[in-house]
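The values are calculated or read from the model by the stated rules, or taken from the named source; none is laboratory data. Keep in mind that what you see is a predicted model, and the values were worked out from it rather than measured. Backbone-built Cβ (ideal geometry, glycine too); neighbour counts: all protein chains shown. The accessibility values were calculated without ligands, DNA or RNA, using every heavy atom of the protein model including side chains. Shrake-Rupley method; radii C 1.70, N 1.55, O 1.52, S 1.80 Å.
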Amino acid sequence: MEFLQIWLLIVGVYRLTMATLMFFKKKSFVIKTLYSLEPKNVSDLTARILFLCNFNYIGVFGNSILTISTALNYENNGLFYLTWFSFVIGLAHYLSEFLYFKTNNFKNNISQLIFAGPAVFFMSIRILYMN
């Protein structure tokens, strides 16, 4: 296995674990984690929608399955591009929440920077030298 395959497998398993653990957390934890600087701007309905739809099932869980699939089927270019794009979108979302909207702090973005940052970088290098 190449380094990038191992890294994607680690990231996928980490995200799958976090998605499973987040299922058992209360909505107040989600509000504090995602919008730590402006929790008063997030309603209970928003927290439930983020938790049930985007954050747990579709966002993190779906991305973890996509990442693990890419690690196991490394030569599938379409799957590789889709995974790379999902990392770029996710990283852009968290960075915009931190830098532009100022609804999040650096502490809550560390895991995104640790996992998605290097993944985007190394996957971009592979895309440049693919074929």
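Brief remarks follow.
- Flag if SER111 is under 24 Å from ILE6 (Cα atoms), touching a helix residue (DSSP H, G or I) at 6+ places or on another chain (Cβ under 7 Å) and either open to solvent by 80 Å² or more (accessible area, probe 1.4 Å) or at pLDDT 80 or above (or both): no
- Within the stretch 1-25, if we keep just the residues that are open to solvent by less than 90 Å² (accessible area, probe 1.4 Å) and at pLDDT below 85, the residue that is farthest from SER111 (Cα to Cα) turns out to be THR20.
- A single entry from TYR94, TYR74 fulfils the requirement of being among the aromatic types (Phe, Trp, Tyr) and not in a helix (DSSP H, G or I): TYR74.
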